[in-house]
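To start, the structure itself, in structure tokens.
What follows draws every value from the coordinates through simple rules; no lab data is involved. Keep in mind that this is a model prediction, so the values were computed, not measured. No Cβ is skipped: glycine too gets one built from the backbone with ideal geometry, and neighbour counts run over all protein chains shown.
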Amino acid sequence: MTPGIGGADRARIWTVSALVQAVGDTLSARFATCLVRGELSGFTRAASGHAYFTLKDEHGQAAVRCAMFRRSFASVDFQPADGMLVEVRGQLAVYEARGELQVVVDGMRQAGEGALYEQFLRLKARLEAQGLFDPARKRELPRFPRRVAVVTSPAAAAWRDVMTALARRAPHVEVVLIPTAVQGAEAPAQIVQAMAELALAHRAGLSFDAAILCRGGGSLEDLWAFNDERVVRAVVGCPVPLVCGVGHETDISLADLAADLRAPTPTAAAELIAMDREAALEAQERLLQRMAHRVRQRLDGSGQRLDQAALRLARPAELLSIQGRRQALLAQRLAQARDRCLREAKADAGVLQARLLAATKAQWPAQQHRIDVLAGRLHALDPRRVLERGYAWLSDPQGRPLTSVMQVRADDVVQGVLADGVLQMRVTADPVASSPRRRRAAKT
């Protein structure tokens with residue numbers, strides 16, 4: 001017994017369990033049923049079906065632990081998640097095993113999304129509008145990387161998971177750790193610095209084929225560094241294809257959306273980054289077998305063609321005989337074709353000759369009549385027939401016709417062509433002066 005405790009004080013000594021039970025009874029009497037509004041954090045569902053979580057003040061100034069048993073949780077019509085703003089109904093009690101204050105929840109409803117989740121959605125919408133999550137800008141992972149950078153905390157279980165998976169699946173892959181904090185207020189700046197070191201090393205000659213950014217699971221607050229805008233932009237600017245494996249399968253961060261490929265866990269990220277060695281060797285063996293089969297096929301076909309060529313070269317006389325027979329056959333076919341063409345041409349010539357004679361006989365009377373008509377017209381228009389009626393044709397000594405008195409003068413020699421000869425005549429007077437045209441010109 002502690003010295004100084006008197007008899008009056010002995011009546012006030014409580015056992016731990018009695019004190020905790022008394023406090024619990026007092027709380028139950030004072031807060032029979034209460035409604036509490038807060039933000040979910042650290043939500044877990046046990047195998048028994050019971051749910052355990054912490055209800056935080058929206059400003060992060062206070063928190064209370066909560067338990068919701070399976071029967072009560074069955075009435076919840078939504079999937080609770082960290083960051084959600086909810087209202088719970090329950091009884092305030094003390095968890096005697098730890099002496100902790102807790103709320104035994106028998107009802108829960110959504111009161112809106114928590115502040116962190118709302119901030120997540122706003123930032124997601126803004127970065128998505130800027131194209132940072134566009135699938136068109138994402139790159140394919142190399143099938144057989146030789147060197148991989150891993151950005152994570154060396155003390156995290158995620159680093160051990162990645163190394164274990166790569167050692168098992170692809171022990172030939174060189175892994176380079178770029179250490180950084182993955183949780184806390186300093187984590188975003190350190191992750192950005194680690195991504196900058198990765199890019200600097202890659203450009204300086206330590207080239208990487210791919211990179212992994214990872215950490216294990218946790219609450220929304222624990223993973224919040226991977227929702228920082230600086231981290232998202234650093235992921236987008238990574239010079240090599242990057243796989244992001246943050247948290248568990250249900251955890252989605254903005255870094256996951258910006259990465260070239262999202263993995264549900266760090267182990268899955270390692271499995272995605274490198275093909276399993278045994279599977280690669282089996283695929284290589286299948287390819288080698290197919291290649292050998294195709295090579296054998298080609299060699300067999302070439303050998304058969306070579307044997308056939310050798311057989312032909314071994315008997316040149318037979319080849320000459322074959323070619324001679326072929327030539328004779330072609331000559332015979334040519335002679336037959338020539339004779340057939342000649343017979344057909346002769347037959348066609350006889351038919352055409354008969355048709356020509358028939359056409360000539362049919363056209364002869366009509367053509368003869370036409371010639372007679374034209375000859376009659378020509379005879380009627382003959383100038384000599386006009387001269388026989390007493391007319392004469394006058395011309396100058398060069399034989400050019402005279403059609404006007406304006407063409408001659410006195411003493412000019414003219415010729416007069418009659419029906420039976422030519423007269424040489426001389427003009428005795430100037431016919432121009434006496435012509436009517438000249439007189440009209442003089443009057444004018």
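Where in the stretch 100-168 are there GluC sites (Glu not before Pro) that are in a DSSP coil and have at most 14 other Cβ atoms within 10 angstrom of their Cβ?
Qualifying residues, ordered by number: E140.
Mind checking the dipole of the chain: about its Cα centre, +1 per Lys or Arg Cβ, -1 per Asp or Glu Cβ, Debye to the nearest 20?
Details: 60 positive and 48 negative charges, 868 e Å.
Charge dipole, the chain, about its Cα centre: 4160 debye, nearest 20.
Using the count of nearby Cβ atoms within 10 Å as a rough guide to exposure, how do T267, T180, T26, T428 rank from fewest to most? Numbers along the way, then the final one.
Numbers: T267 18, T180 24, T26 11, T428 8.
The fewest-first ordering by Cβ neighbours comes to T428, T26, T267, T180.
About its Cα centre, what dipole magnitude does the stretch 15-113 give when the only charges are +1 on Lys and Arg Cβ and -1 on Asp and Glu Cβ, stated in debye to the nearest 20?
With Lys and Arg at +1 and Asp and Glu at -1, about 240 debye.
Over the stretch 119-278, what is the mean sequence separation of C-alpha contacts under 8 Å (at least six apart), divided by residue count, expressed as relative contact order in percent? Provide the component values of the computation, followed by the final result.
Working: 310 pairs, mean separation 46.1, N = 160.
Once normalised by length, the contact order is 29 percent.
Sorting D260, D382 on the 10 Å Cβ count, fewest up front, what's the list? Don't skip to the answer; put the middle values down first.
On the way: D260 20, D382 10.
In order of increasing Cβ crowding within 10 Å: D382, D260.
The stretch 233-270 to the stretch 343-385: how many Å between their Cα centroids?
The distance from the Cα centre of the stretch 233-270 to that of the stretch 343-385 comes to 103 Å.
Tell me, how many Å apart are the Cα centres for the stretch 118-145 and for the stretch 169-203?
About 19 Å separates the Cα centre of the stretch 118-145 from the one of the stretch 169-203.
To make sure I understand, if each residue's beta carbon is the centre and we count other beta carbons within 10 Å, what order do M275, M425 fall in, fewest to most? Spell out each step's value before the answer.
Values: M275 19, M425 13.
Sorted ascending by nearby Cβ count, the order is M425, M275.
Using just the C-alpha positions of the stretch 228-354 as equal point scatterers, what log10 of I(q)/I(0) does the Debye formula give at each q in 0.10, 0.17, 0.20 1/Å?
These q points yield log10 I(q)/I(0) values of -0.68, -0.97, -1.11.
So which residue, out of S75, S404, S253, gets the largest mean-square fluctuation from a GNM of the chain using Cα contacts under 10 Å as springs?
Checking each option, the largest mean-square fluctuation is seen for S404.
Can you match Kirkwood radius over Cα pairs in Å to one of these, (i) 23.9; (ii) 35.4; (iii) 21.7, based on a calculation from the structure here?
(ii)
Quick one: Karplus J couplings for the stretch 418-431, per residue in order, coefficients 6.51, -1.76, 1.60, θ = phi - 60°, nearest Hz, x for Gly and Pro?
Values per residue, Gly and Pro as x: 9, 5, 10, x, 10, 9, 9, 10, 10, 7, 8, 10, 6, x Hz.
Please list the non-local residues whose amide H lies under 5 Å from the amide H of C214, H modeled 1.01 Å from N, same-chain partners needing a gap of 5 or more.
V151, G245
Roughly how big is the stretch 251-404's charge dipole about its Cα centre, with Cβ charges of +1 (Lys, Arg) and -1 (Asp, Glu), in debye to the nearest 20?
Numbers: 25 positive and 18 negative charges, 392 e Å.
Using only the charged Cβ atoms, the result is roughly 1880 debye.
Taking chymotrypsin sites (Phe, Trp or Tyr not before Pro) that fall in a DSSP loop and have at most 16 other Cβ atoms within 10 Å as cut points, what is the longest piece of the chain between them?
Numbers: sites that count: W14, F31, F69, F78, Y391.
The segment 79-390 is the longest one with no such site.
Please find, in a Gaussian network model of the chain (springs between Cα atoms separated by less than 10 Å), the residue of R343, R385, R71 whose mean-square fluctuation is greatest.
Looking only at R343, R385, R71, the biggest GNM fluctuation is shown by R385.
Helix check for the chain. Which DSSP H runs span at least 20 Å along their own axis by Cα, with a mean Kyte-Doolittle hydropathy no less than 0.5? Walk me through the numbers on the way to the answer.
Values: long enough: 16-30 (21 Å, 0.76); 115-129 (21 Å, -0.09); 187-204 (25 Å, 0.61); 277-314 (54 Å, -0.80); 316-380 (89 Å, -0.28).
The answer, listed by residue number, is 16-30, 187-204.
Normalising by the residue count of the chain, find the relative contact order in percent from Cα pairs under 8 Å and 6+ residues apart. Spell out each step's value before the answer.
Details: 618 pairs, mean separation 39.1, N = 444.
After rounding, I find 9 percent.
Taking the DSSP beta bridges in the chain as the whole, what percent of them are antiparallel, to the nearest 5?
Values: 37 of 58 bridges.
Percent antiparallel among DSSP bridges in the chain is about 65.
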